[in-house]
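These notes concern the structure reproduced below.
The values are calculated or read from the model by the stated rules, or taken from the named source; none is laboratory data. Since the structure is predicted, the reported quantities are computational estimates derived from the model, not experimental observations. Backbone-built Cβ (ideal geometry, glycine too); neighbour counts: all protein chains shown.
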Amino acid sequence: MAGIGFELRKLLRKDTLLGLIRAYAYAGVISSGPWVLSIIGILIIGIFSLGMVVPDLAVTQFQVTVTYLIAGSLVLTGIVQLAFTRFCADRSFEQREDLILPNFGGVTVLVTLIAGCLSLLIALFLFPAQSILFRVLLVASFVVLSNIWIATVFLSGMKQYKAILWLYALGYTVTVLAALLLRFMDLEGLLLGFLLGQVTLLGGMLVLIIRGYPALTIVSFDMFSGKYLYPSLMLVGFFYNAGVWADKAMFWFYSGTGSDVIGPLRASLIYDIPVFLSYLSLIPGMAVFLVRVETDFVEHYSNFYDAVREGGSLAYIEEQRNQMVFVIRQGIFQILKIQAISALLLMVTGEQIFAALGISDLYLPLLKVQLIATALQVVFLAIINVFCYLDQRRMLVLLTGLFMVLNILFTGISLYLGPQFFGFGFLLALAVCVLLGLWLVNRKMGELEYITFMLH
């Protein structure tokens, strides 16, 4: 499913500054996905709506509602996202791509039903004081976002990077403009604008997917048969996404750091803004991950296993193994280097950004901690990616499960110790998992020939 990386690399071969910028710009947008862009959209809507939406509280309520919608939909769809990616990759390898689109339809139907029922119950019983329109928009937005996360599975596999970029630009332009035009309706207007933009994005993604894959039927549930389903990958998807949001949720609902916003939803001003600003630094690192790590690694990975299947020489097989190790090390070094640069830029400009947003510079130390954590998160994603390719599902369950548990444990300790330790829970959890992951990757790569020939 790394097809788009090879297309982007063609831009790099032009060996021009413009080609370099274009390749990494495309990669940054595609790899970061809609969720980072959602953060940007939410911030823009909030900035332009303050003072114009009455009351101002409606802007905060909108931002918090959308944050919960993104978090909830990511955790829910994380259960099937990796398993579905594996299904698509396997069918592509078998040259049975006619099964991909029908099963996308099946996954979409299932996700829509579960997301719809879950959000409907939440809207009915947890938001009794809110308008009917708000509840309808809540349910619709949750369903649309959940389907967007499933559709993003195809983005890396589709080679239409220009179309994807324009689609994102259209989707988020509609999101911001519609929200600003409808802000006279207060909270419901902002949420309706957000929904219209996400529907535009999802509709465009569906067009690209349907055009890109052949199909004889519309809906199929083959993926959920015992033959194709990978419960371990479902656990990995849940553990990772739940782990990413665990510290945020703990800060929201801890009495000393969180406050009520709308219905049962709470927010933590002291934690949320630095965290979400730090996530903007993900974009350069994710671009490097897509163009360098995934693409270069996949090339040598494919050569290695092709040689194994086709009876290549042991010297050639070892060479490709060594190249994979080299690419992993170089890729992680490049990710850390580019993340360090983007983190330093945000650290230097953080005070000005906070002043522009009307935020106290007391939050700057937390921003610095989160920027380091974000850099480690990209490295952690690269490690997860390597283990996915090596089909080391036990390692994946171990690493992501440990990440979730440690984040909850360390964040709980940081909340107990006080403000000077805020953010270190997430950072330490990632640091432990990255160090363990790097050691395990090094060990597995050293045993790769033995595992390939003796255990399969």
Among residues of region 251-260 being surrounded by fewer than 21 Cβ atoms within 10 Å (Cβ to Cβ) and in contact (Cβ under 8 Å) with a residue 60 or more places away in the chain, the residue farthest from Thr77 (Cα to Cα) is Gly256
Pairing a residue in region 314-339 that is without any contact (Cβ under 8 Å) to a residue 60 or more places away in the chain with any residue that is among the basic types (Lys, Arg) and part of a helix (DSSP H, G or I), where Cβ atoms lie under 7 Å and the two sit 6 or more apart in sequence or on different chains, gives Gly331/Arg292; Gln334/Arg292
Failed item, numbered, when Met404 is tested on (1) closer than 30 Å to Leu229 by Cβ; (2) modelled with pLDDT under 95: (2)
Here is a list of conditions, (1) at pLDDT 85 or above; (2) among the acidic types (Asp, Glu); (3) in a helix (DSSP H, G or I), and Asp260 meets all of them except one; can you say which number that is? (3)
Pairs only if they're at least six apart or on different chains, beta carbon under 6 angstrom, first in region 124-153 and within 27 Å of Met205 (Cα to Cα) and modelled with pLDDT of 95 or more, second part of a loop (DSSP other than H, G, I, E, B) and of a type outside the set (A, V, I, L, M); list them, first residue then second. Arg135/Phe127
Any residue at all in region 225-242 that's in the same structural domain as Arg91 (by TED's automatic domain parsing), more than 27 Å from Met404 (Cα to Cα) and at pLDDT 90 or above? no
Just to be sure before I move on: is Ser119 buried (at least 16 other Cβ atoms within 10 Å of the Cβ) and either touching a residue at least 60 places away in the same chain (Cβ under 8 Å) or within 16 Å of the chain's Cα centre (by Cα) (or both) in the structure I sent? no
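Would you say Leu155 is out of contact with any strand residue (DSSP E or B) (no Cβ under 8 Å at 6 or more places or on another chain) and buried (at least 20 other Cβ atoms within 10 Å of the Cβ)?
yes
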Do you know which of the residues in region 49-88 that are at pLDDT below 85 and over 22 Å from Leu138 (Cα atoms) is surrounded by the fewest Cβ atoms within 10 Å (Cβ to Cβ)? Gly51
Tally up the residues in region 273-316 that are modelled with pLDDT of 85 or more, closer than 22 Å to Arg443 by Cβ and either of a type in the set (D, E, K, R) or surrounded by 20 or more Cβ atoms within 10 Å (Cβ to Cβ) (or both), please. 1
Residues (in a helix (DSSP H, G or I) and at pLDDT below 85) located in region 207-224: Gly212
Tell me yes or no: at least one residue of region 379-391 is over 19 Å from Glu294 (Cα atoms), touching a residue at least 12 places away in the same chain (Cβ under 8 Å) and not aromatic (Phe, Trp, Tyr). no
